[in-house]
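Before any comments, here is the structure.
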């Protein structure tokens, strides 16, 4: 996870860590966000994508008013009509503001995380506070921390109305009626986590961060066809053939990117991680790094809403049901199925199916 992260949350009896630069504070909090995401129970890619959206946005909004060339996203994001503003008569340290805001939003979004992880949030918050509050007037320190917490609280309150609040409490809706048609998704026998019902079937109904993202047109769909040589059949056949010739390196790569629960920081976490690598290698300043995390978090959050909307509009089967039935009845895939429908590839236009509520 990187030197900066472990230097900040190291044990109390270790040597005192070197001072951390403002941009490194943002990066360290991003790394801790990835760690908490991976090690929080009942998490899912859907809920994690949402978390990155709000955590990244909070980082940006906690510092943006310190940079006259940048603007708050208040009034630009979907139903985000008002956010706290700094008092022009007061002084602020923006690193202290970011520090307080990130600690606050992490605790709120991942309220179900372990006590051990809460301590991992407390430790860097305290150490960054100790470094950046030195030689500052008490009222400036208080102003900065209060503003950061106010931003985090306002964003968290806004998050409660998006349809995904505490989504980990209802990962699987046992009351949904499964569409049943040729090629429809069926519960897998060999899966990352077995459930008779798919993960977050109504996630696609959540509020997007950017309003226009909810208006993206439906993709096209390959029509169901079990005839060998048809486009639909050939896609499953390609998976079947590839699985039979996987090299050891390819299997290890598949496991790495499989994103089983508690094994990695989830698919949207990979995007947040790549943003972290870019932030580290570029040496960008604090506001640039904070903006990058906000853009990345918002993008993956909205992408997952749209992706899940289409998964349940098409409710498409996966290779582990098609291949044994139509290609090789003894086939056992190396890959374990995730507990939700597949995403269809481009092809002929297709009319959407709505997943009915009870």
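The values are calculated or read from the model by the stated rules, or taken from the named source; none is laboratory data. Everything numeric in this text was worked out from a predicted model, so none of it was measured. Backbone-built Cβ (ideal geometry, glycine too); neighbour counts: all protein chains shown.
General observations
- Test: residue in the stretch 29-44 that is in the same structural domain as residue 162 (by TED's automatic domain parsing) and over 20 Å from residue 259 (Cα atoms): yes
- The one condition from (1) modelled with pLDDT of 95 or more; (2) within 17 Å of residue 121 (Cβ to Cβ) that residue 43 does not meet is (1).
- Among the residues of the stretch 116-144, those that are within 10 Å of residue 103 (Cβ to Cβ) and surrounded by 18 or more Cβ atoms within 10 Å (Cβ to Cβ) comprise 121, 124, 125, 128, 129.
- Checking each residue in the stretch 104-136 for being free of Cβ contacts under 8 Å to residues at least 24 places away in the same chain and assigned to a helix (DSSP H, G or I) picks out 107, 115, 116, 118, 119, 122, 126, 130.
- Residues within the stretch 170-185 that are assigned to a loop (DSSP other than H, G, I, E, B) and surrounded by 15 or more Cβ atoms within 10 Å (Cβ to Cβ), tallied: 7
- Neighbours by Cβ (under 8 Å, 6+ apart or cross-chain): first from the stretch 71-91, farther than 20 Å from residue 54 by Cβ; second surrounded by fewer than 16 Cβ atoms within 10 Å (Cβ to Cβ): 90/139; 90/140; 91/137; 91/139; 91/140
- Out of 264, 271, sole residue that is at pLDDT below 90 and either outside the structural domain of residue 31 (by TED's automatic domain parsing) or closer than 23 Å to residue 48 by Cβ (or both): 264
- Residue within the stretch 53-70 that is touching a strand residue (DSSP E or B) at 6+ places or on another chain (Cβ under 9 Å), in a helix (DSSP H, G or I) and crowded, with 24+ Cβ neighbours inside 10 Å present: no
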